[in-house]
1. Please give the average number of partner chain Cβ atoms lying within 10 Å of the Cβ of each residue in A:168-177, rounded to a whole number.
2. Over the whole of B:34-43, what's the average partner chain Cβ count within 10 Å per residue? Rounded to a whole number, please.
3. Cut-off 10 angstrom, C-alpha nodes, Gaussian network model of chain B. Which of B:35, B:17, B:166 fluctuates the most?
4. When only C-alpha pairs under 8 Å and at least 6 residues apart count, what is the relative contact order of region A:24-130, in percent?
5. Given a cut-off of under 8 Å on Cα pairs at least six residues apart, what relative contact order in percent is computed for chain B?
6. Just need the Rg to Rh number for the protein assembly as shown, please, alpha carbons only, Kirkwood Rh.
7. Please work out the FRET efficiency for the pair residue A:167 and residue A:91, using the Cβ-Cβ distance as r and a Förster radius of 22 Å; give the result to the nearest 0.05.
8. Lysines near residue A:56 by alpha-carbon distance under 17 Å, same-chain residues fewer than 8 away left out - which ones?
Number of protein chains: 2
Amino acid sequence: MPRAGLNQQIVVREAARLVDEVGREQLTLAAVAARLGVALPSLYKHVRGADALAQKLSAFATAELADELMTAAVGRAGVDALRAVAAAYRSYARRHPGRYPATQRVPDPADPDHVAAGERAVGAVYAVLNGYGITGDAAVDAARTLRSALHGFVSLEVAGGFGLPRDLDRSYDEMIASLDAALRGWGSGRTS
Amino acid sequence: MPRAGLNQQIVVREAARLVDEVGREQLTLAAVAARLGVALPSLYKHVRGADALAQKLSAFATAELADELMTAAVGRAGVDALRAVAAAYRSYARRHPGRYPATQRVPDPADPDHVAAGERAVGAVYAVLNGYGITGDAAVDAARTLRSALHGFVSLEVAGGFGLPRDLDRSYDEMIASLDAALRGWGSGRTS
DNA sequence: CTCAGAAGCTAATTGCATTAGCCTCCGTCG
DNA sequence: CGACGGAGGCTAATGCAATTAGCTTCTGAG
């Protein structure tokens with residue numbers, strides 16, 4: 001009986017494919033093992049258990065998302081950067097409906113890669129703000145606003161939380177336009 | 001052996017208390033049964049199974065949230081209504097960290113109460129928009145923007161997705177101020 | 001060639017969900 | 001008043017997923 005030749009990365013990537021197909025609720029060691037053609041307990045040689053697999057999946061998906069956001073942001077500024085990052089964010093969630101929710105898990109402090117991926121993703125948001133000249137304490141509030149809008153929209157969309165699928169593209173564009181306006185005037189008329 | 005005197009509402013309300021204490025991931029028929037002092041299979045006399053309980057919990061939490069949003073909106077308009085509804089929304093999520101995620105489940109079309117609760121919650125959002133004079137097609141986009149921002153913020157907050165808990169109140173105020181500005185000028189400078 | 005560790009496996013345990021089928025309480029109707 | 005029938009609870013049994021223990025075999029370094 002030849003060995004399957006698994007390692008942690010293969011297991012985690014298979015878990016990522018699985019959740020995109022069946023939803024993150026259905027992530028199960030049994031299903032991952034079946035897809036990899038091994039017995040369930042064999043996975044324990046590569047991951048500590050079901051929760052650890054979910055955490056590694058989160059780290060993987062977060063890194064993937066951060067890469068796409070960074071790629072979208074590079075070489076752009078202002079509204080161009082905002083639009084590009086927002087589009088990349090939504091695109092990732094739509095292409096990976098199971099991985100996207102996994103990115104929302106709080107990074108495990110004991111997993112440096114996970115922490116770094118989270119910081120990279122947030123870094124893309126700060127890069128956008130930088131293009132609007134927003135820095136320092138104000139950037140904290142602006143970043144939270146931007147993250148909230150993007151995450152809120154795509155999580156509602158992916159979950160089917162908006163009624164009809166009609167005109168979602170346009171609604172997203174409108175929201176981004178509002179964000180652009182808000183960021184352009186950030187701080188004006190408020191306690192700086 | 002006297003009867004426990006359960007009914008569906010009692011079961012669902014106990015489930016609601018449970019998820020607020022231990023998180024929605026830990027919702028289990030076994031735990032609900034234990035808290036109610038009955039054997040696990042007894043619950044099947046009141047709910048169809050674990051998934052049905054989760055759906056009923058969603059309906060219950062959605063109705064509860066809709067009530068609080070409506071109460072906040074009544075008698076107010078414009079930025080006052082926006083602030084009141086936004087505060088009620090966040091308050092609910094913070095007081096009920098397990099119930100809040102349950103409200104994000106898509107209403108079951110086969111459960112009229114669930115559908116009605118969802119419509120009532122969305123109705124509170126439309127009531128706010130109405131106070132800004134936003135109606136018709138434009139309201140669809142504005143409602144999605146508003147829902148995205150509120151849901152995004154509180155879900156990130158409840159999940160611990162923002163780094164430090166520092167100044168969350170202020171960040172929320174800033175976001176609401178941005179929304180107020182966006183709604184006051186809704187449609188201006190964009191394809192109406 | 002040897003051998004030690006890594007990678008798989010089977011077996012056994014535990015916990016939750018679900019179904020089947022029994023038993024008893026209690027309100028209603030003769 | 002008494003019987004009965006359904007509702008509400010229970011125990012027993014099954015199935016699936018997770019986990020742990022301990023065995024076996026491949027494989028690569030010396």
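Bear in mind that the values in this text are calculations on the coordinates, not laboratory data. Keep in mind the model is a prediction, meaning the values are calculated, not measured. Every residue, glycine among them, receives a Cβ derived from its backbone with ideal geometry; neighbour counts consider all protein chains shown.
1. Values: counts 2, 0, 5, 7, 4, 3, 11, 8, 1, 6.
Going residue by residue through A:168-177 and averaging, the value is 5.
2. On the way: counts 0, 0, 0, 0, 0, 0, 0, 0, 0, 0.
If you average over the peptide's residues, the count of other-chain Cβ atoms is 0.
3. B:166
4. Values: 107 pairs, mean separation 37.2, N = 107.
Dividing the mean separation by the residue count of region A:24-130 yields 35 percent.
5. Values: 193 pairs, mean separation 41.5, N = 192.
Worked out over chain B, it gives 22 percent.
6. Numbers: Rg = 22.0 Å, Rh = 22.2 Å.
Ratio of gyration radius to Kirkwood radius: 0.99.
7. Details: r = 17 Å, r/R0 = 0.79.
The calculated FRET efficiency here is 0.80.
8. Leaving aside lysines fewer than 8 places away in the same chain, those within reach of residue A:56 are A:45.
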